[in-house]
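Engineer: Please see the structure below; I have some questions.
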Amino acid sequence: FAYFFPSYISREGCMDKDGNSDVVKALLEILMERDMVKQGGDAGSLLKRVAQMPITPEEAILRVRSTFFPTVMLNERLRQIDSSPRIFDDVYVGTLIDVGGGVEFKATSDIPIREYDEGIQDKGALEIYTMPPSGDIPNNRYCIGVDPVDNDKAESVSLMSVIVFDLFNDEIAAEYTGRQQMAEDGYEIVRLLSIFYNAQVMYESNRKLMYGYFSKMKCLWRLADCPEWLRQRGLVKYSMFGSSIKGVSVNAALISTGIDLINDWLKKTVPVEVMEENGEMHIEEIPQLYHIRNRALLQELVSYAPEKNTDRVSALFQVMFYREHFNILYGGAANASDVVESDSDDDFFDKDWNRHLERFGRQYNSSLEQ
């Protein structure tokens, strides 16, 4: 039996002469203090402040030393999602179908897995937060991170997780997490997504069977090569032959690197328009994590530990490895002109190239407006 005593009770300066607590005043002071610490950008300091002066029992038992990601802000984002009943109204839920070489989305009544539970075994459903733009999609706009499985459902309890990432907007575009009856059914979802988004697939190459499936389907070129920056830093063992050239084989050093990359992305601020009480708009810088709508991913990030089975975080590691490769190539701020460059000295070729580049730029700007 336990009794929780919140920090807004008997707070100094927030009690009358009879010892009665002014709860509203105390809560406002506590939340203002938290906001000041948050503005400082130190997630560790914010976590300590919350654990020392908790408002809820959940906050009182936060793990301060073994937290890998900004737990307080992630929990705040989870509360925002759970208090917004219409937040998933514009999310497409369904599957992809192959139609004569092309790929189309088909809505279904399948239910996506939006709760993190290591014991869940369900086929799940594809969730699309932003559809790819119509027309030609730039080769380097999207990437896909995959935590694959090597066994059929009857032989394993792990889920397969697939995250589609928009490198231009630096946000998650789609997710599939679930377990198909046959492992190859899951690989087919990845293949169709790579066509639908014209994306490169970075996957955990410790699992070998996905390479074989893409080879059988003559789609090996859709699998991304192991990033050069990982090889240069000696973080991976690399071979120029066979399946070793594709994907990333995860080890302890890479997990540590992946944690740092995810933290950098979560805390990266993005400008958003905010309406004031007088109706005027102003720009605020908001951490990227407050734009995430992958509820179960947020839960995995909160409870993450290397020994846990966190499939979505593993898929996000692969995304971050490719994102870092992309940022090194294009300086982290790619647009149509950055992604496509001409190195030709041929006047005739340059004339034709520039014509196509102008068309590409118009299509990209049009897709952003949409």
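The values are calculated or read from the model by the stated rules, or taken from the named source; none is laboratory data. Keep in mind it's a predicted model, so treat the numbers as computed, not measured. Glycine also receives a Cβ, built like all others from the backbone with ideal geometry; neighbour counts cover every protein chain displayed. Heads up: the accessible areas ignore ligands, DNA and RNA and are worked out on the full protein's heavy atoms, side chains in. Shrake-Rupley method; radii C 1.70, N 1.55, O 1.52, S 1.80 Å.
Engineer: Taking the condition of being assigned to a loop (DSSP other than H, G, I, E, B), touching a residue at least 60 places away in the same chain (Cβ under 8 Å), farther than 13 Å from residue 164 by Cα and not small (Gly, Ala, Ser), how many residues in the stretch 294-309 meet it?
Structural biologist: Looking only at that region, the number is 3.
Engineer: Among the residues of the stretch 243-293, write down those that are closer than 25 Å to residue 317 by Cα, open to solvent by 60 Å² or more (accessible area, probe 1.4 Å) and either in contact with a helix residue (DSSP H, G or I) (Cβ under 6 Å, 6 or more places away or on another chain) or assigned to a loop (DSSP other than H, G, I, E, B) (or both).
Structural biologist: 268
Engineer: Might you check whether a residue that is modelled with pLDDT of 90 or more, under 25 Å from residue 307 (Cβ atoms) and part of a helix (DSSP H, G or I) occurs anywhere in the stretch 213-228?
Structural biologist: Among the residues of the stretch 213-228, not one is modelled with pLDDT of 90 or more, under 25 Å from residue 307 (Cβ atoms) and part of a helix (DSSP H, G or I), which makes the answer no.
Engineer: Still on this model: Just to be sure, is residue 319 in a helix (DSSP H, G or I) and surrounded by 14 or more Cβ atoms within 10 Å (Cβ to Cβ)?
Structural biologist: yes
Engineer: Would you please name the residue that is most open to solvent (accessible area, probe 1.4 Å), looking only at residues in the stretch 194-209 that are out of contact with any strand residue (DSSP E or B) (no Cβ under 6 Å at 6 or more places or on another chain) and either under 19 Å from residue 168 (Cα atoms) or hydrophobic (A, V, I, L, M, F, W, C) (or both)?
Structural biologist: In this case the residue turns out to be 209.
Engineer: The conditions are (1) polar (S, T, N, Q); (2) assigned to a loop (DSSP other than H, G, I, E, B); (3) free of Cβ contacts under 8 Å to residues at least 24 places away in the same chain, and residue 206 fails exactly one of them. Which is it?
Structural biologist: Result: residue 206 fails condition (3) only.
Engineer: Give the residues of the stretch 276-293 that are among the aliphatic types (A, V, I, L, M) and farther than 23 Å from residue 82 by Cβ, sorted by residue number.
Structural biologist: Correct list: 281, 283.
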